[in-house]
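Here's the structure, in structure tokens; my notes come after.
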Amino acid sequence: NLISDDCGLLSRSIVNMPSFDYQSFGFAEHQLEFAADSQLRFDQTTATAVYRSARSLVRLSDSGELLQLFKQLPCRNVYFYGAENSHLSVLRELGDTLKIMVPDCGHGMTTDNPDLFYPMLAEFINQTGQL
């Protein structure tokens, strides 16, 4: 997530709820909804941690700060995105940054298509010799 458009429904739905409401019932709903998702691991965190993380992510994405930090990295970088997200405005805002599309997935490349995403990431790292 680098800009406001990148923050999906999950993060925004969390921060659009008062903290007390999320802790009282929203988090329990997410634990049930994502119980089978081994990468999100809602069963291994707390409502407070999820709420604060979502709040921080939305705030930083909305501010444009993350995009500027990404563009100013002193190393070679890449922006991976799912094919279903090829319309996102962040792709234009990244300018000459290397962009790699991951087929058959959306925002959650690591869970939608891990068998393709991770080898693509490894290839990028092997080509550059850096993370």
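The values are calculated or read from the model by the stated rules, or taken from the named source; none is laboratory data. Please read all numbers here as calculations on a predicted model, not as lab measurements. All Cβ positions, glycine included, derive from the backbone under ideal geometry; neighbour counts span all protein chains shown. SASA here: full protein model, heavy atoms, side chains in, ligands and nucleic acids out. Shrake-Rupley method; radii C 1.70, N 1.55, O 1.52, S 1.80 Å.
Backbone amide hydrogens, once placed in the peptide plane, bring Val102 within less than 5 Å of Tyr81, Gly82, Ala83, excluding anything fewer than 5 places away on its chain. Amide H to amide H, with H built 1.01 Å from N, Cys7 comes under 5 Å of no residue 5 or more places away or on another chain.
Please state, rounded to one decimal and in Å, the Kirkwood hydrodynamic radius that the chain gives when every pair of distinct Cα atoms enters the mean of 1/r.
Details: mean 1/r = 0.0615 Å⁻¹.
Value: 16.3 Å, from the Cα pair sum.
For segment 2-58, what does the alpha-carbon gyration tensor say about shape, rounded, prolate or oblate, given a ≥ b ≥ c as the root eigenvalues, a/c under 1.5 as rounded, and a/b over b/c as prolate? Oblate shape, in that a/c is at least 1.5 and b/c is the bigger or equal ratio.
Please say if segment 54-108 is rounded, prolate or oblate, where rounded means a/c under 1.5 for a ≥ b ≥ c the square roots of the C-alpha gyration tensor eigenvalues, and otherwise the choice is prolate for a/b larger than b/c and oblate otherwise?
On the way: a/c = 1.97, a/b = 1.19, b/c = 1.66.
Because a/c hits 1.5 or more and a/b fails to exceed b/c, segment 54-108 counts as oblate.
Tally Lys and Arg at +1 and Asp and Glu at -1 over the other residues with C-beta under 11 Å from the C-beta of Arg59: what net charge comes out? Provide the component values of the computation, followed by the final result.
Working: positive: Arg52, Arg55; negative: Asp62, Glu65.
Once all neighbours under 11 Å are counted, the net charge is 0.
Express the accessible area of segment 37-131 per residue in Å², computed with a 1.4 Å probe while the remaining protein chains stay in the model. Walk me through the numbers on the way to the answer.
Values: 5940 Å² over 95 residues.
Ligands and nucleic acids excluded, the figure is 63 Å² per residue.
Counting only alpha carbon atoms, the long axis of helix 114-128 and the longest principal axis of the chain meet at about 40°. Potential lengthening of the chain between Phe80 and Asp21 amounts to 17.9 nm, from the contour at 0.36 nm per residue minus the alpha-carbon distance.
Here the Karplus curve 6.51 cos²θ - 1.76 cosθ + 1.60, taken at θ = phi - 60°, turns the phi angles of segment 71-80 into couplings of 5, 8, 4, x, 10, 5, 9, 8, 10, 8 Hz, with x standing for Gly and Pro.
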